[in-house]
Amino acid sequence: MQTTATQASTPTAAMQTIGLLGGMSWDSSATYYRVINEEVRRRLGGHHCAQVVLVSLDFGQVRELQLRGDWDEAGAMLAAGAARLEAAGADVLVLCTNLMHKVAPSIEASAGVPLLHIADAVGARARALGADRIGLLGARQVMEEPFYRDRLRERWGIEVLVPGDDDRTLVDRVVFDELTTGRLEPASRRAFVEVIDRLAGRGAQAVVLGCTEIGLLVGPADTAMPLIDSALVHALAAVDAALAGVAR
């Protein structure tokens with residue numbers, strides 16, 4: 001006769017292992033770990049939690065490469081981290097940062113398991129909201145370069161609005177001078193809400209928090225504008241992938 005303990009462990013048997021490539025910054029990587037495990041518990045109940053392996057890089061080293069514009073070296077560093085995750089048993093890779101998806105092709109070229117692209121999680125959420133014109137906040141490269149905006153347009157049919165020059169400078173400064181160093185300043189929260197309001201005035205139907213730390217600063221309680229927290233939707237997409245074969 002099958003025991004209760006065996007029955008309780010059955011859903012976990014087909015759960016895939018999520019590989020988190022984090023540390024950029026570790027504050028948002030902690031958000032991923034928490035959200036993923038909370039969602040697995042919510043869906044499976046009992047004592048269930050996610051099967052996760054984590055490689056956390058030193059963001060100080062990554063940031064130096066960003067500032068030098070050495071994206072080839074950055075891509076090699078992240079691809080090496082992804083290889084460590086794969087060797088540890090990851091079935092799917094999750095890069096816990098928006099900006100470093102600039103080097104996603106380097107990771108995908110060397111990985112033997114799928115990489116869940118953060119822009120696809122954002123695009124799916126925007127479509128679920130019925131939004132085809134969205135504002136985007138994030139690091140300067142995320143807002144200004146095509147690797148992120150083009151994916152949303154080409155794969156999801158979504159028009160992306162970015163803040164004006166001064167607002168882009170503000171957002172980028174707060175991301176790197178404050179959020180990725182663990183600082184949450186009320187004045188910056190107010191400034192971000194004003195940027196969101198200006199995007200709404202230009203026709204944005206939702207605003208993407210396109211840096212995985214912004215959700216630590218600004219949330220639904222701060223604005224009436226629908227927000228798409230990239231860290232949250234990416235983490236939930238990881239759970240979808242991990243539990244796709246689990247009978248519940």
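The values are calculated or read from the model by the stated rules, or taken from the named source; none is laboratory data. Everything numeric in this text was worked out from a predicted model, so none of it was measured. A quick note on method: Cβ atoms are made from the backbone with ideal geometry, for glycine too, and the neighbour counts reach across all protein chains shown. Keep in mind that these areas ignore ligands, DNA and RNA; they rest on the heavy atoms of the full protein, side chains included. Shrake-Rupley method; radii C 1.70, N 1.55, O 1.52, S 1.80 Å.
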In degrees, nearest ten, helix 165-177 long axis to first principal axis of the chain (Cα): 50
Tensor-based shape of the range 178-248 (alpha-carbon gyration tensor, a/c under 1.5 rounded, otherwise prolate or oblate): oblate
Accessible surface of the chain, 1.4 Å probe, proportion on carbon and sulfur as whole %: 50
Q61 paired with T17, simple spin-label distance in nm, labels 7 Å along Cα-to-beta-carbon: 2.2
Accessible area of the chain divided out per residue, in Å², using a probe of 1.4 angstrom: 45
Inter-centroid distance (Cα atoms) of the range 167-190 relative to the range 88-122, Å: 26
Helix axis angle, 118-128 relative to the chain longest principal axis, alpha carbon, degrees: 80
Pairs of Cα atoms farther than 17 Å apart, the range 133-193, %: 42
Anisotropy class of the range 46-161 from Cα gyration tensor, a/c 1.5 cut: oblate
Paramagnetic reach from D150 (point 7 Å along Cα→Cβ, amide N under 17 Å) across the range 86-103: 99-103
Tensor-based shape of the range 84-219 (alpha-carbon gyration tensor, a/c under 1.5 rounded, otherwise prolate or oblate): oblate
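Would you mind calculating the relative contact order of the range 131-248 from Cα pairs under 8 angstrom and at least 6 residues apart, reporting the percent as a whole number?
Working: 151 pairs, mean separation 34.3, N = 118.
With pairs under 8 Å counted, the relative contact order is 29 percent.
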Where N is the number of residues in the chain, Cα Rg divided by 2.2 N^0.38 Å: 1.03
Helix-only [θ]222 nm of the chain, DSSP H runs n ≥ 4, -39500 (n - 2.57) each, per residue, nearest 500: -16000 deg cm²/dmol
For the range 140-155, 3J(HN,Hα) per residue [Karplus equation, 6.51 cos²θ - 1.76 cosθ + 1.60, θ = phi - 60°, Hz, x = Gly/Pro]: 3, 5, 5, 6, 9, 8, x, 4, 9, 5, 5, 5, 5, 6, 6, 8
